[in-house]
Structure formats: C-alpha cells, structure tokens
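> Let me give you the structure first, and then I'll get to my questions.
The values are calculated or read from the model by the stated rules, or taken from the named source; none is laboratory data. What you see is a predicted model, and the numbers here were worked out from it, not measured in a lab. FYI the Cβ positions are ideal-geometry reconstructions off the backbone, even for glycines, and counts take in every protein chain you see. All accessible areas refer to the heavy atoms of the entire protein, side chains included, with ligands and DNA or RNA removed. Shrake-Rupley method; radii C 1.70, N 1.55, O 1.52, S 1.80 Å.
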Amino acid sequence: MPLDFTAIDFETANASSASACAVGLVRVRAGRVVAKTGWFIRPPAGYDRFFDVNIGIHGIHPEDVVHAKTWSAQLDDIVAFAGADVLVAHNAGFDMAVLRRACDATGDLCPPYRYFCSLQLARRAYDLPSYRLPSAAAAAGFTGFAHHEATADALACAHIVIDAARRTGASDIDALAAVHQLAVKTIDTPVREPVFAVA
C-alpha cells in the first residue's frame with residue numbers, strides 16, 4: 001500500500017468540539033501532496049457563539065461564517081474529499097471529537113473514519129523541546145506557514161507524516177504506526193472531548 005492519507009484540521013468557534021467554524025483538508029498520494037482545500041463552516045445552532053479566546057487564536061469572526069454552508073450541508077463535501085482515506089491530524093483526538101460532536105449536534109451520521117495522530121508521531125520521530133505543530137513541522141522541513149489557518153495546519157501535518165515515513169522507509173500509514181508502536185484508531189472508538197485544545 002502506498003503512503004495515501006488525508007490530513008485534516010478544524011478550527012472551533014468556542015470551547016465546544018461541536019463548534020466547527022473552519023476545516024482544512026490535504027490529500028496525499030504515494031507520499032506527495034496532490035490536492036488541498038479548506039473553507040469556513042457555519043457552526044451548528046446552539047454551538048455558534050464565538051469566544052474571544054478562539055477568535056484571538058484563529059482570527060475567524062462570526063461575520064466570516066454568516067454565508068458559509070452549515071455543517072450538515074458540507075459534511076458530504078468533507079467526505080467527498082477524504083474518500084476512504086485514513087485521516088491524519090495533529091492532536092487527532094481534538095479533530096476527531098470535532099467531527100463526531102458536530103455530527104451529534106446536527107443529527108448527522110458520523111463517518112467511521114480511521115485516524116492517526118501526527119502529534120503522537122512527532123513525539124516518537126523527533127527529539128524536540130516542543131511538539132506543537134510549528135515545531136514539529138519545522139523538524140520535518142516545513143516552515144513559515146500561517147498557524148491556525150486550517151488548510152495551512154493540515155498541510156503542516158501532512159509534511160510531518162511524509163517526513164517521518166521517509167525517515168523510516170514506512171510504505172503506508174499502518175506501517176508507519178507500527179514502526180513507532182502507535183495505533184491507527186477508528187472514530188467510533190470513544191474519544192474524550194477536551195475542554196480546550198491548541199495544537
């Protein structure tokens with residue numbers, strides 16, 4: 001199997017994982033980035049209040065998402081881009097909780113994706129003082145991106161996985177996980193919703 005996956009990153013409007021307000025997606029085929037996209041999301045009703053702390057992190061304001069499609073209207077777009085890929089995210093528990101909790105909030109069926117965490121991977125692959133996304137991406141040779149812009153973050157995450165696979169000669173995500181004694185989990189595995197997470 002080749003190194004194929006989709007890197008994903010969500011930004012949230014507030015401390016609830018259900019409050020998705022942006023998504024970034026990066027498709028990797030055979031260890032190379034072949035497509036990327038991202039867009040704003042109008043958070044589910046009841047989870048659509050923007051906290052100042054979140055705005056301060058990602059710079060997304062309520063007026064930015066007024067004309068964005070709702071979670072239910074664009075879940076199919078996310079699935080269409082990712083297909084049957086393993087999803088990869090930096091601090092993946094947070095991003096998978098966003099996917100699951102937003103579906104819970106809207107009554108949509110959450111896709112049962114397999115997923116892998118580039119934060120856990122970076123902790124095994126690199127020796128760094130910090131494993132936050134900018135530091136881990138720099139170790140992978142990817143620098144100068146706009147941290148907390150969803151597509152840029154997904155691209156940084158993709159580069160960490162590509163670099164770690166190159167260093168070990170791992171042919172796919174499962175092999176990479178095995179080399180570093182990590183798990184490829186499934187989104188229907190219970191995920192703990194963090195109170196607040198900054199990757």
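> Could you work out the helix-only [θ] at 222 nm for the chain, with each DSSP H run of four or more residues adding -39,500 (n - 2.57) and the total divided by the number of residues, to the nearest 500 deg cm²/dmol?
It comes out at -11500 deg cm²/dmol, rounded to the nearest 500.
> Here's another thing I want to ask about it. If you check each cysteine of the chain for another cysteine whose beta-carbon is under 4.7 Å away, which ones come up empty?
Result for the chain is Cys21, Cys117, Cys157, no neighbouring Cys Cβ within the cutoff.
> While we're on this one: For the chain, take the alpha-carbon Rg, divide it by the Kirkwood Rh, and send me Rg/Rh.
Details: Rg = 15.7 Å, Rh = 16.6 Å.
Dividing the radius of gyration by the Kirkwood radius yields 0.95.
> In addition: Please list, in chain and number order, the residues 5+ apart from Val88 or on another chain whose amide H is under 5 Å from its amide H, with Hs placed from the backbone.
Long-range HN contacts for Val88: Thr6, Ala7, Ile8, Phe116.
> Once phi is turned into θ = phi - 60°, what whole-Hz ³J(HN,Hα) does the Karplus curve with 6.51, -1.76 and 1.60 give for every residue of segment 141-149, x standing for Gly and Pro?
Karplus values, whole Hz, x for Gly and Pro: x, 10, 10, x, 9, 7, 4, 6, 8.
> Given the Cα-Cα distance of His180 and Asp76 and 0.36 nm per residue of separation, how much length would full extension add, in nm?
Stretched out fully, the His180 to Asp76 stretch lengthens by 34.2 nm.
> If you roll a 1.4 angstrom probe over the protein chains with everything in place, what fraction of the accessible area of segment 36-87 belongs to carbon and sulfur, to the nearest %? Can you show the working numbers first?
On the way: 1570 of 2900 Å².
Carbon-and-sulfur percentage of accessible area, whole number: 54.
> Once you have all Cα-Cα distances for segment 60-161, histogram them in 5 Å bins from zero and send the whole-percent values.
2, 12, 19, 21, 19, 14, 9, 4, 1
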